[in-house]
Every structure is written in C-alpha cells, then in structure tokens.
Amino acid sequence: MPALRIAALVSGRGSNLAALLGACADGRIAGKVVLVASDKPNCAALTVAGKAGVPTVALRPGDYPDRRSFDDALFDALAASDSDLLVLAGYMRIIDPSVLVSWAGRAVNVHPSLLPLYRGLHTHAQALAAGDAEHGASVHFVTAELDGGPVLAQARIAIGPGDTEATLAARLLVHEHRLLPAVVGAIAAGRIAWNGGNPTFDGRAIDTPLTLDGNGRLGAAI
C-alpha cells in the first residue's frame, strides 16, 4: 500500500503529535505527517512539528466572524495538503459538522476517557468524582457528534486511592502515546477500515473496542 499521508490538528503541547511522528519515523506507521494545523499559533505542538520539518498552518478563531468561517478556512488548508487521514491529536475546539462531511471515515481522534463515558472536557476529574475504579483513553472515528464516532480501540488504567486529576492524566498519557500510533498504523496497513460507519479490523466488525498487548499490538478485547 502507498504511504499514508497524515494531517494533524493540535491545540496543546504536542505530546501525542510527537508520538505519531516517532511512529512514522521508526516504521510503526507506514505513513508521513504532511501538515500540522492549529487554532493556537503559539502552542507548543507547532514547535514539535517545526523541529520535525513538518509544514504548519495556524489560524486565529478571533480573526473570523463565526466558527463555521474559521473551520472552512482551516479545513481548506487541510484539503490542500492532499492528506489521506486527519488525526485530532489534542485539538480542543468543537468542529462545525459541515466541514467533516468530506472526511467521513478519514479522521480519528484520541480522547482521554473510556467512551461513551465523559465526552468533552475534564474527563479525569469526572472519573474521580464518579468514584470509578478505572479510567482510560479511546481512539474513535470522528463524526458530527462530539466524541461520538465509532470507537476503535481503548487503553485502560486502574484508579488508585491517592490519584488526583494531575496524576491520573499523567499516567494515562503514557498509554495514549501507545494507543494512537497503533490505531493509525493499523489504518495505514489497511487493517482498520471505515466500512460505511461500521468499522472492521482484519475484516471483522469491531463490536468491542480493540486493546493493546504488552508489545503495543492491537487485538480484540478478551
């Protein structure tokens, strides 16, 4: 298969982007990040992209009259990159559904919760407040519904009695850095497919989110 052309949307420090770039560099992903775009011109993730030699685009939402206008401009830049896959790697803005239509089955997001639990923000605090025994991260196909697209894979961690929002976030991030490249790698290899909104893994329906083994390989949940 030809190398996957990947675009990424970012808003923060870029640790998931760095994990994605590393996986492309060492061959875990048969692809290349060709553009990194952001709604925050000063975010650290753009520095991560620049150091890796990846072109960047940064637009300020305040320069546009409304969210739709901003998203139209941002997604025009993404379309111009001729990317095969869009990865939301810590992108913190809600996206207008209209611009996602042409990316159906070609966009994924990493989200710090065990979806469908805790969509949106402050997921670590919500898990602690609920008294959950475990927390986790999910990678899902992006649809018009916020954090609501088909879940492809998840990583789980136990919540300890001394955990705080900060410690939980830090421990989970390590697993996000393994989970996202594994899913993108499987998409690049043709192992994960959109299949009209009913995703498959090696030709079989993903009825339950995939999991990672100790070597970072995806497989069906046991």
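The values are calculated or read from the model by the stated rules, or taken from the named source; none is laboratory data. Not measured: the values here are computed from a predicted model. Note that each Cβ is placed from the backbone with ideal geometry, even for glycine, and that neighbours are counted across all protein chains shown. Only protein heavy atoms, including side chains, enter the accessible area calculation; ligands, DNA and RNA are left aside. Shrake-Rupley method; radii C 1.70, N 1.55, O 1.52, S 1.80 Å.
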Subject >> Surface accessible to a 1.4 Å probe, per residue, for the residues of the chain, Å² >> reply: 46 Å²
Subject >> Modelled label reach - R68, point 7 Å along Cα→Cβ, region 125-152 residues with backbone N closer than 19 Å >> reply: 144-146
Original post:
Can you list the HN-Hα couplings for region 113-120, worked out from phi with the Karplus curve (6.51, -1.76, 1.60; θ = phi - 60°), rounded to whole Hz and with x for Gly and Pro?
Top reply: 6, 8, 3, x, 5, 6, 6, x
**OP:** List the residues whose amide H sits under 5 Å from the amide H of A8, counting only those 5 or more places along or on another chain, with H placed 1.01 Å from N in the peptide plane.
**Re:** L35, V36, A37, V87
Subject >> Estimated [θ] at 222 nm from DSSP helical runs (n ≥ 4, -39500 (n - 2.57)) normalised by residues in the chain, nearest 500 >> reply: -9500 deg cm²/dmol
**OP:** Quick one: accessible surface of I94, probe radius 1.4 Å, all protein chains present, in square angstrom to the nearest 10.
**Re:** 90 Å²
Original post:
Can you pull the percent of region 60-152's accessible area that's carbon plus sulfur, 1.4 Å probe, other chains left in place?
Top reply: 54 percent
Subject >> Average Cα contact separation per residue, the chain, under 8 Å, 6 or more apart, as relative contact order % >> reply: 18 percent
Subject >> Extended-chain gain in nm, criterion 0.36 nm per residue less alpha-carbon gap, E165 and L128 >> reply: 12.6 nm
Original post:
Along region 176-185, what does the Karplus equation 6.51 cos²θ - 1.76 cosθ + 1.60 (θ = phi - 60°) give for ³J(HN,Hα), rounded to whole Hz, x for Gly and Pro?
Top reply: 4, 5, 8, 5, 4, x, 5, 5, 5, x
Original post:
How high is the relative contact order of region 13-80, in percent, counting Cα pairs under 8 Å that sit 6 or more residues apart?
Top reply: 29 percent
Original post:
Can you list residues whose amide H is under 5 Å from I206's amide H, if they're 5+ apart or on another chain and H is modeled 1.01 Å from N?
Top reply: T200, F201
**OP:** Report ³J(HN,Hα) in whole Hz for each residue of region 135-140, in order, from the Karplus equation J = 6.51 cos²θ - 1.76 cosθ + 1.60 where θ = phi - 60°; Gly and Pro get x.
**Re:** 9, x, 10, 10, 10, 9
